[in-house]
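For reference, the structure is listed below as structure tokens.
The values are calculated or read from the model by the stated rules, or taken from the named source; none is laboratory data. The shown structure was predicted, so the numbers you read here are calculated from the model rather than taken from an experiment. Methodologically, a virtual Cβ is constructed for each residue, glycine included, from the backbone with ideal geometry; neighbour enumeration extends over all protein chains shown. Keep in mind that these areas ignore ligands, DNA and RNA; they rest on the heavy atoms of the full protein, side chains included. Shrake-Rupley method; radii C 1.70, N 1.55, O 1.52, S 1.80 Å.
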Amino acid sequence: MLNLALGFESGLVVQANQPDSDASGSSESGEEAAELPSHAIGSFGVDFSATVRFAGAEVWRIGWVQTVESADLWVLYRNGARSARHRTMLPQRMRDSDTSKGCWYGNESRRKADPAAPVTVGLMDDPALPFHHPHHPGGGSGLAALAGWAPAGCGGTKEFWTWLVAVREDADHQPVEVVYLHHVHWKVVFDCVIHGDADEPTATVPATSGVVLLGEGVGQGGATPVLGGRGVLPRDEVNRVEQLPDGEQR
């Protein structure tokens, strides 16, 4: 590896929601799709780049793969003195990818190995937690109890392992052999208070929120990537409402 740049930026920001393409579809056959959240608490994310000279022939690819760990996130909603969390859980660790071919994070995050010259590959990711503003519509399975409630905060953590790898693929783009060049272990801490009138929400964000680097180094590190199956989609998440005692803020 000739060069490695690992860019991180802490903090969170309120932004317009940009849902995955799958999010607009119904999760169950015959079920009406829920109204998509209008906003999201977004992280400033990560920006990884590496330049690699690899002696393998063009049957090898150089690039980034990523696995998202199981997660439990929540958005706090209030209705007068009453509070409830809309919890969003990912029950199992999954491949984090938006490409259907191979094991890669994305089409832009891998290149063919070139014995004659180094190749540069990058990965950018900015995880976000969506919420409804100014009020929750109550749509979605099990979420009717939140209808008319206003967003007030967020919490939880989303954790990732990212690897720079060289992969020899078969004819179906599946990995036959993997060489681990570098690993990065990181998470996003979602912790904020949401404010705002009917026009535009804002957030108060503690200094400890946002991207946190947990570790990085040469080789595979302490985890094994999920290289098979499709990438994680909104329908893989489990949503539920957790009512809190009157007057409880978090």
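When the stretch 50-67 is examined, which residues are found to be modelled with pLDDT of 90 or more and over 28 Å from residue 94 (Cβ atoms)?
Let us first name the residues in the stretch 50-67 that are modelled with pLDDT of 90 or more, namely 50-53, 60-67.
Within the stretch 50-67, 51, 53 meet the criteria.
For every residue, the table says whether it meets (1) more than 24 Å from residue 13 (Cβ to Cβ); (2) over 23 Å from the mean Cα position of the chain (by Cα).
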{"position": "99", "(1), (2)": "yes, no"}
{"position": "116", "(1), (2)": "yes, yes"}
{"position": "119", "(1), (2)": "yes, yes"}
{"position": "127", "(1), (2)": "no, no"}
{"position": "135", "(1), (2)": "no, yes"}
{"position": "147", "(1), (2)": "yes, yes"}
{"position": "155", "(1), (2)": "no, no"}
{"position": "163", "(1), (2)": "yes, no"}
{"position": "178", "(1), (2)": "yes, yes"}
Among (1) in a strand (DSSP E or B); (2) open to solvent by less than 30 Å² (accessible area, probe 1.4 Å), where does residue 74 come up short?
-> (2)
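Is it fair to say residue 112 is among the basic types (Lys, Arg) and closer than 30 Å to residue 199 by Cα?
no
In the set 193, 205, 189, 241, which member is in contact with a Phe, Trp or Tyr (Cβ under 9 Å, 6 or more places away or on another chain), over 30 Å from residue 112 (Cβ atoms) and among the β-branched types (Val, Ile, Thr)? Quick ask: steps written out before the conclusion?
Values: 193 fails: in contact with a Phe, Trp or Tyr (Cβ under 9 Å, 6 or more places away or on another chain); 205 fails: in contact with a Phe, Trp or Tyr (Cβ under 9 Å, 6 or more places away or on another chain); 189 fails: in contact with a Phe, Trp or Tyr (Cβ under 9 Å, 6 or more places away or on another chain).
Answer to the check: 241.
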Could you please find all residues in the stretch 157-200 being of a type in the set (A, V, I, L, M), under 17 Å from residue 65 (Cα atoms) and open to solvent by 60 Å² or more (accessible area, probe 1.4 Å)?
-> 176
What are the residues in the stretch 92-112 that are open to solvent by 30 Å² or more (accessible area, probe 1.4 Å), acidic (Asp, Glu) and in contact (Cβ under 8 Å) with a residue 40 or more places away in the chain, if any?
-> 98
Can you name the number of the only condition in (1) part of a strand (DSSP E or B); (2) open to solvent by less than 10 Å² (accessible area, probe 1.4 Å); (3) within 23 Å of residue 89 (Cβ to Cβ) that residue 136 fails?
-> (1)
Please specify each residue of the stretch 201-227 satisfying the condition of being open to solvent by 30 Å² or more (accessible area, probe 1.4 Å), more than 18 Å from residue 71 (Cα to Cα) and either part of a loop (DSSP other than H, G, I, E, B) or modelled with pLDDT under 95 (or both).
-> 205, 206, 207, 208, 220, 221, 222, 227
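Go through the stretch 187-221 residue by residue and tally those that are more than 26 Å from residue 151 (Cβ to Cβ) and either hydrophobic (A, V, I, L, M, F, W, C) or without any contact (Cβ under 8 Å) to a residue 12 or more places away in the chain (or both).
3
Looking at the stretch 93-108, which of its residues are within 23 Å of residue 40 (Cα to Cα) and of a type outside the set (Lys, Arg)? Steps first, answer last, please.
If we filter the stretch 93-108 for residues that are within 23 Å of residue 40 (Cα to Cα), which is where we start, we get 93-98, 105-106.
Across the stretch 93-108, the qualifying residues are 94, 96, 97, 98, 105, 106.
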